[in-house]
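Written below as structure tokens is the structure these notes are about.
Derivation of every value follows stated rules applied to the coordinates shown; laboratory data play no part. Predicted, not measured: the structure shown is a model, and the values here were computed from it. Glycine gets a Cβ as well: all are built from the backbone with ideal geometry, and neighbour counts include every protein chain shown.
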Amino acid sequence: MCGRFTLYVPYRELIERFGVTRAFEEEEYLPSYNIAPTQQVVAVINDGRENRMGKLRWGLVPGWAKDVKIGNRMINARAETLAEKPSFRQAFERRRCIIPADSFYEWQREGENRRPMRIRLKDEPVFGMAGLWETWISPDGEKVHTCTAITTRPNRLMEKIHDRMPVILDPANEAEWLNPDIRDTGTLSRLLVPYEAAKMEAYEISPDVNSPKNNSPELIKPYC
């Protein structure tokens, strides 16, 4: 699974990297070194005309759900079953997004111990994770915009750490992923593959990352 990540690159770099023409104001951008489920995350969608950047609650809540709390256990969606699961099927066809990140965290199990690891791309300061989004309307009419990060099988780097990894989109495929006119699940599924291991690196970080309350640049420093 993918349960924590970072996003601290400058706002303007995000705008340029993802071709965004409409977004929330720069002063609303809050860089974070420890993004956790149920928090607001930055996401990019395409409305058929332009790429828009906004904020979504991490933990997808299907439109038919009776309680927003269902999203707490829907922070990830398996790429292999998106077209089958009622919770994700419509969003897979119609409501796809990119969740920008500059690294993600995963915990490597060694016996009874778990070592927090930071995983990033070697040569790219920011990347796009494939996601889905939904709008849930509460009984009193409040709209809640939510999302989930899609996971896939691990590559050779990640298989030493965990049995899943987030789908990191090839930049050349991002426009296709966001295109709302593309609804063929076979075409879309071909984009959801493990990122090339040789272009990634991982290292151990401080156990302070275990608590979402901790959020500082110290978290991403190598731990020894």
Exercise for review: Would you please give the FRET efficiency between GLU112 and ARG49, computed as 1/(1 + (r/R0)^6) with r the Cβ-Cβ distance and R0 = 41 Å, to the nearest 0.05?
Suggested key: 0.20
Review point. In nanometres, what is the gap between the two model label sites at ASP163 and ASP123, each 7 Å from Cα along Cα-to-Cβ?
Key: 3.4 nm
Revision key, fill the gap. Going residue by residue through segment 209-216, the Karplus relation 6.51 cos²θ - 1.76 cosθ + 1.60 with θ = phi - 60° gives ³J(HN,Hα) values, rounded to whole Hz and with x marking Gly or Pro, of 5, 4, 9, x, 5, 8, 7, 7
Study note, to complete from the structure: Taking 0.36 nm per residue of separation between GLU196 and ASN179 and subtracting their Cα-Cα distance, the length gained on full extension comes to 3.8 nm
Practice item. Evaluate the distance, in nm, between pseudo-label points positioned 7 Å from the Cα of VAL9 and of CYS224 along their respective Cα→Cβ axes. Key: 2.8 nm
Revision key, fill the gap. Taking a ≥ b ≥ c as the square roots of the Cα gyration tensor eigenvalues, with a/c under 1.5 meaning rounded and otherwise prolate when a/b beats b/c or oblate if not, segment 4-220 comes out rounded
Check your understanding: Stretch ARG73-THR187 to full length: gain in nm at 0.36 nm per residue minus the Cα-Cα span?
Key -> 38.3 nm
Review point. Hey, fewest Cβ within 10 Å first, where do TRP107, TRP58, TRP64, TRP177 land in order?
Key: TRP64, TRP107, TRP177, TRP58
Study note, to complete from the structure: Note to self, the chain gives a 222 nm [θ] from helices alone (DSSP H runs n ≥ 4, -39500 (n - 2.57) apiece, / all residues, nearest 500) of -2000 deg cm²/dmol
Check your understanding: In whole Hz, what ³J(HN,Hα) sequence does segment 123-133 give by Karplus (6.51, -1.76, 1.60; θ = phi - 60°), x for Gly and Pro?
Key -> 10, 10, x, 8, 9, x, 8, 6, x, 10, 9
Exercise for review: Give the calculated FRET efficiency between ASP208 and GLU80 to the nearest 0.05, with a Förster radius of 25 Å applied to their Cβ-Cβ distance.
Suggested key: 0.15
Point to revise | Hz values of 3J(HN,Hα) by residue in segment 90-104 - Karplus curve (6.51, -1.76, 1.60), Gly and Pro given as x | key: 5, 5, 4, 7, 10, 9, 9, 9, 10, 10, x, 7, 10, 5, 9
Check your understanding: In what sequence, highest mean first, do 8-17, 68-77 appear when ranked by Cβ atoms within 10 angstrom?
Key -> 68-77, 8-17
Check your understanding: In the chain, how many lysine pairs have Cα atoms under 25 Å apart, counting only pairs 8 or more places apart or on different chains?
Key -> 18
Check your understanding: Counting only DSSP beta bridges with both residues in segment 4-220, what percent are antiparallel, rounded to the nearest 5?
Key -> 85 percent
